[in-house]
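In what follows, a structure is listed as structure tokens, so that the remarks can point back to it.
The values are calculated or read from the model by the stated rules, or taken from the named source; none is laboratory data. Remember, predicted model here, so these are calculated numbers, not experimental data. Here the Cβ positions follow ideal geometry from the backbone for every residue, glycine too, while neighbour counts run over all protein chains shown. The protein model used for the area step is the full one, side chains on, heavy atoms only, and it has no ligands, DNA or RNA in it. Shrake-Rupley method; radii C 1.70, N 1.55, O 1.52, S 1.80 Å.
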Amino acid sequence: MEGLEVEWRRTDSGTLVHLYQDGESRPESQQQDYHDRAHFFTDQIQHGNFSLRLDDLRAEDEGQYTCRVYSQQESGETVIQIKDPERLLVSGSDESVSASVGEDVTLNCSVDSHITPEHTEEVSWRKTDEDENVLVLLYQNNETLSDSSDERYRDRVEFFTAEIPKGNFSLRLKGVRTEDKGVYMCQVFAGGLSANATVLLEQLGESRIITI
């Protein structure tokens, strides 16, 4: 990888989508529209795989993209076309929800898409505040994987199973504890797309759930 440079650009405008240079990704070089949306598969770079993952696909992402690779000896490129991008929409709730310690609370997450739940590859709920990234509950390959939950949430969280066919992946959190307050993210991967909804569980006793 020494001396290797890889750049993804919009062919029409020359906009820099993502860059690999001097042995590492350079997200600070991305055009603002692609910041936090365009990523390399970090664990695949060592194998020469510089495929690009574009999150939160937008209608304006339609168009042609060029991947150019430069080495000390030569260069090459390939061109990819995104046509009629399909949007994956994930939403939470605008309503406030209060919960006292010991009560149950629902964190809302619904998928509005042409993609059926059967083709939803993965839905994960994670607690993501205060430098945390704790897995709360995971749905993968048409199955809820309760055993993968972090021990502090195990046996306390569940999906509403009957609602999953409707695209409802709301989370039920049982026996609320003081340490449960914080930010929760519902991340959905379906049909090669990804999207998320973020929820804040505020002070317990007078708690509210607000979609950010």
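General observations
- In the full protein context, the chain carries 56 Å² of accessible surface per residue, based on a 1.4 Å probe and ignoring ligands, DNA and RNA.
- For peptides 69-80, 168-179, sequence by mean Cβ density within 10 Å, most packed first: 168-179, 69-80
- Isolated cysteines of the chain, defined as having no other cysteine beta carbon under 4.7 Å away, are Cys67.
- If the chain linking Phe160 and Glu103 were pulled fully straight, counting 0.36 nm for each residue of separation and taking away their Cα-Cα distance, it would gain 18.8 nm.
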